[in-house]
Amino acid sequence: MSNTTRLALVSLLLIAVVLGLAACGNEPEPTTVAQATTAPAGPAEADTAQPEPTEPPTQAPTDTVAPTDTTEPTETPVPPTETPEPTNTPEPVVDDSACITCHTSQETLQTLAVEEEVAESLSEGEG
Amino acid sequence: MPPVEAWEKVFISDDTFVDSVHGKMGCITCHGGTSGATDMQAAHEGVVVEPDAVAACGPCHTEIAAADAGSLHSNLTGYFTTIGARSSEENMGVLEEAMGNHCLTCHTSCGQCHVSRPTNLGGGLFAGHEFKGTPSMNLTCTACHGSRVNDEYKGMNRPVPADVHWIQGGMPCFTCHTNDEMHGALGEQVDRYDGPPSPGCQDEGCHDQVGPGDGIDNHTEAHFEAMSCQVCHSTTYKNCYSCHVAQQEGISFFKIEPSVMDFKIGLNPLQSDARPWKYVPLRHVPVDPESFAYYGEDLLSNFAALPTWKYATPHNIQRNTPQTESCDACHGSLEFFLTAEDLLPYEVEANQGVIVSEPPPSFGSGN
C-alpha cells in the first residue's frame, strides 16, 4: 500500500471517529447533585475518547465518588469527661461562710462589734 | 431585763443552729447582705435585721404569716382606734407622725418573739439564734408588758399579792394566751377587747364548772349577770396619768405622771352580748387632752369620745379580796367604785358613762 493510500485511509478513519463523537454530543452533562452510591456503569460504547464538556464543571465529576451523608461513623463519639471552666460571667453563688465564721466567734464579735451610742434618755416615768 | 452587750446580741452561741432547719436556709436568704464579702462593712450592705414575716416566714408558715398581718401585736390597730376616736380626720396625719415617733416602735414581728428580744428594748438574740416555738415569758412577753401586767402578775406591787395563777399555778402567759390569739388567728380586732373574752375565765378546761349553784355563796345568778369575774377577784392595780410626748434634737421622749395604785369598779364601757356585765374594773390610761400638744394644738379634738377609765382585766387574781369580805363592801359603800369625785377636771365629760353614783342595791341573800 502506497503512502498516499495509507494517508487516505487514516484520514477517513479520523473523519469517521469525529462523526461518531459528534453523534454523542446530546448526552446529559454530569450533574452536581446526583451522588452516586455505586460506581457508574460504563458506557455501552467504547469510552476511549472522553467528550469535551460544554461548560467547565463546578464540582468533581461523579466518578470521583463523594462520601454520602448516610455513612455510619465508625466509632461512637465519647462525651467530654470534664465540664469546661466558664470563662466569662460565673453563676452567682450565695456564700454564707463569712457570716457564720464571724457570728459564731465570740472573740471576733467582741473585737468588731460596736456599742450603739445611746442618746441620753429624756423620758421620765414608767413606760 | 439585764442589759446585753453589742457582740452578744448577734452571737450565735450554739453553732448547731447552722445545721438546723432554719440555719440551713442560709443567713442571706432571710437577712440579705453581700455574699462572699470579706470585710464587715461590705458584708453587711443590704442587711435586713428584721426579716419580713410574709417574705421570710410565709413560704413555710403560710397561715400564721397571713393571719399575723391582722394581729394587734403586729399592726397596733388598737392605737389607731382609740387615738382616732379621740381626734378627727384632719388631725390624723400629724397624729400618725407622732405615733410613729413614740408609740408604733412597740410593734412586734415573728423574730421579735421567737428569736430575739424586742427591738424596742434593744433587741439581741436570746438563745443563739435558736427559734423558740414558745417564746420566753420574761424576755419576750413581760419585756413589753412589764410595768402593769408583769408587776401585777408577779406581785411586784407590794403589798398587793401576786396573781394566784402565777404564785400557786405557776402558769406562764401562754397558758392562757394562745398561739391563735397572739397570731391574730381569731379574726381581726379593732382593739384588744374586741369580740368575746379571749382568754375567758370560763373557757373549757379552766373554770368552766364555776357558776350559780357551785356551792360558793357569792356565786349567785345576779352576781354572774352583773359583774365580770375580775370585779370580785382582782385587786389594787396600777393606773397611769398624763403621758406627754415631745422631741428634742431629733430624740423622741415622753414624760408621764407617777402611777397611782387604785382599784375602781365602774359601768362597763364595752357592754355587749359577749361582755354583758353591768360592772367591770376600770383602769386609768395615760392620755390627757394635751398628750400630743408638741405636735399641734387641739389634736385630740374629740377627747371625750372615750373614757379615760377603761375596761380592764387586771392580772392579780385572788380568791379573796377586800371587796369579797362583806356584802357591805359593795352594797353599802362607794369605796370601790369610780365616782365623779375621782375624776380630774379634764376628764369629767369623758367618763360620764362609766361613773357610779350610788352603790348597787342589795336584794337580800343570794344577790
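The values are calculated or read from the model by the stated rules, or taken from the named source; none is laboratory data. Please read all numbers here as calculations on a predicted model, not as lab measurements. Cβ coordinates were reconstructed from backbone atoms using ideal geometry, including for glycine residues, and neighbour counts include every protein chain displayed. Accessible surface areas use protein heavy atoms only, side chains included; no ligands, DNA or RNA. Shrake-Rupley method; radii C 1.70, N 1.55, O 1.52, S 1.80 Å.
So here's what we get for this one:
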quantity	calculated
Lone qualifier among B:Pro161, B:Pro135, B:Pro212 - being in a loop (DSSP other than H, G, I, E, B), of a type outside the set (A, V, I, L, M, F, W, C) and touching a Cys at 6+ places or on another chain (Cβ under 7 Å)	B:Pro135
Enumeration of residues in the range B:53-84 that are surrounded by fewer than 15 Cβ atoms within 10 Å (Cβ to Cβ) and in contact (Cβ under 8 Å) with a residue 12 or more places away in the chain	B:Glu63, B:Ala69
The range B:138-152, subset touching a Ser or Thr at 6+ places or on another chain (Cβ under 8 Å) and closer than 13 Å to B:Tyr237 by Cβ, residue modelled with the lowest pLDDT	B:Ser147
Every residue from the range B:31-62 that is among the charged types (D, E, K, R) and more than 24 Å from the chain's Cα centre (by Cα)	B:Asp39, B:Glu45
Residue count for the range A:69-111, restricted to those that are surrounded by fewer than 14 Cβ atoms within 10 Å (Cβ to Cβ), in a helix (DSSP H, G or I), modelled with pLDDT under 95 and in contact with a helix residue (DSSP H, G or I) (Cβ under 8 Å, 6 or more places away or on another chain)	1
Evaluation of B:Met40 against (1) open to solvent by less than 50 Å² (accessible area, probe 1.4 Å); (2) within 13 Å of chain A (Cβ to nearest Cβ) (one fails), failing number	(1)
All positions within the range B:263-286 that are within 14 Å of another protein chain (Cβ to nearest Cβ) and among the small types (Gly, Ala, Ser)	none
Breaking point among (1) within 24 Å of the chain's Cα centre (by Cα); (2) not aromatic (Phe, Trp, Tyr); (3) not in a helix (DSSP H, G or I), for B:Ala350	(3)
Pairs with Cβ under 6 Å, 6+ apart, first in the range B:1-19 and more than 7 Å from chain A (Cβ to nearest Cβ), second aliphatic (A, V, I, L, M) and in a helix (DSSP H, G or I)	B:Met1/B:Ala143
Meets criteria (open to solvent by 30 Å² or more (accessible area, probe 1.4 Å) and either of a type in the set (Phe, Trp, Tyr) or within 14 Å of chain A (Cβ to nearest Cβ) (or both)) for B:Val260	yes
All positions within the range B:97-110 that are more than 15 Å from B:Tyr294 (Cβ to Cβ) and among the small types (Gly, Ala, Ser)	B:Ser109
Number of positions in the range B:1-17 that are open to solvent by less than 40 Å² (accessible area, probe 1.4 Å) and assigned to a helix (DSSP H, G or I)	3
Which numbered condition B:Val94 misses (of (1) closer than 24 Å to B:Tyr294 by Cβ; (2) touching a Lys or Arg at 6+ places or on another chain (Cβ under 9 Å))	(2)
Among residues of the range A:112-124, those that are assigned to a loop (DSSP other than H, G, I, E, B) and surrounded by 12 or more Cβ atoms within 10 Å (Cβ to Cβ), counted	4
Residue match in the range B:23-31 (condition: open to solvent by 60 Å² or more (accessible area, probe 1.4 Å) and within 9 Å of chain A (Cβ to nearest Cβ))	yes
Among residues of the range B:144-165, those that are closer than 29 Å to B:Thr105 by Cα and of a type in the set (Lys, Arg), counted	2
Qualifying residues in the range B:207-252 (those that are open to solvent by less than 60 Å² (accessible area, probe 1.4 Å) and without any contact (Cβ under 8 Å) to a residue 12 or more places away in the chain) - the one nearest to B:Val149 (Cα to Cα)	B:Val210
